[in-house]
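Chemist: Handing you a structure now.
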Amino acid sequence: MQVFRDNRFEYSFLLGKEQFSAELICLGDQLGKILNCIKYELRNHCWFVFDVFGSSHTLMSCLFPQDQAGICLINTTEELIEKVKKVIQFERGVFIAFPINKEVLWKKNLLPQTEALEGLHHPESEIEIRAFDYSYFEVYTLRDTLSKVFRSCFKFPV
């Protein structure tokens, strides 16, 4: 399983059992660990959340409420960290960060989904994190600085 790939324009990471030293993956605490790793770099960012499903003591629709267009906006990285920590395990989900003041347009019939093609759903996003099938997290970014932070936070085979 390839864990880190640099396509010159896009960095991609696959975080699973090796990175978390755990049998169960896609836990809310694990996504919190990913977000804590990059929270300084994304301190002035908001998050859009799509296609989220999993288990929690709180309804997922309460943790990640959608507007009439089917879009969930989380105002800060810190707020997203607090929400994902309330999730026991994600089956799926797409989490996409943008600078807070950036106007982001979504096509209602083309909202991001977990099992879409690999890579960023939106070309202007800073980072995209996907929880996939209780099995692993996919992370995509165009930013070299975020790639370096990920490599310093998690173990990847050389």
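Chemist: What do you reckon, is E118 more than 17 Å from H45 (Cβ to Cβ), over 11 Å from the mean Cα position of the chain (by Cα) and not in a strand (DSSP E or B)?
Modeler: Yes, satisfied.
Chemist: Looking only at residues that are assigned to a loop (DSSP other than H, G, I, E, B), modelled with pLDDT of 95 or more and closer than 16 Å to E138 by Cβ in the stretch 1-50, which one is nearest to the chain's Cα centre (by Cα)?
Modeler: For the stretch 1-50, the residue satisfying everything is C26.
Chemist: Would you confirm whether any residue within the stretch 51-61 is within 13 Å of the chain's Cα centre (by Cα), without any contact (Cβ under 8 Å) to a residue 24 or more places away in the chain and not in a loop (DSSP other than H, G, I, E, B)?
Modeler: No, the stretch 51-61 has no match at all.
Chemist: In the stretch 127-147, what residues are open to solvent by 50 Å² or more (accessible area, probe 1.4 Å) and either of a type in the set (A, V, I, L, M) or over 15 Å from I88 (Cα atoms) (or both)?
Modeler: Residues satisfying the conditions are L142, R143, D144, T145.
Chemist: Quick check: is even one residue across the stretch 30-53 over 20 Å from S125 (Cα atoms), surrounded by 13 or more Cβ atoms within 10 Å (Cβ to Cβ) and out of contact with any helix residue (DSSP H, G or I) (no Cβ under 9 Å at 6 or more places or on another chain)?
Modeler: Scanning the stretch 30-53 turns up no residue that is over 20 Å from S125 (Cα atoms), surrounded by 13 or more Cβ atoms within 10 Å (Cβ to Cβ) and out of contact with any helix residue (DSSP H, G or I) (no Cβ under 9 Å at 6 or more places or on another chain).
Chemist: Answer yes or no: is there a residue in the stretch 12-21 that is under 22 Å from K155 (Cβ atoms), buried (at least 19 other Cβ atoms within 10 Å of the Cβ), hydroxyl-bearing (S, T, Y) and touching a residue at least 24 places away in the same chain (Cβ under 8 Å).
Modeler: Checked the stretch 12-21: at least one residue is under 22 Å from K155 (Cβ atoms), buried (at least 19 other Cβ atoms within 10 Å of the Cβ), hydroxyl-bearing (S, T, Y) and touching a residue at least 24 places away in the same chain (Cβ under 8 Å).
Chemist: Suppose we filter the stretch 84-106 for residues that are assigned to a strand (DSSP E or B) and open to solvent by 10 Å² or more (accessible area, probe 1.4 Å); how many remain?
Modeler: The number of residues fulfilling the criteria is 5.
Chemist: Please verify whether the stretch 68-77 includes one or more residues that are assigned to a helix (DSSP H, G or I) and either open to solvent by less than 10 Å² (accessible area, probe 1.4 Å) or without any contact (Cβ under 8 Å) to a residue 12 or more places away in the chain (or both).
Modeler: The answer is yes; a qualifying residue exists.
The values are calculated or read from the model by the stated rules, or taken from the named source; none is laboratory data. None of the values given here were measured: they were computed from a predicted structure. FYI the Cβ positions are ideal-geometry reconstructions off the backbone, even for glycines, and counts take in every protein chain you see. Quick note on the areas: whole protein, heavy atoms, side chains included, nothing else; ligands and nucleic acids left out. Shrake-Rupley method; radii C 1.70, N 1.55, O 1.52, S 1.80 Å.
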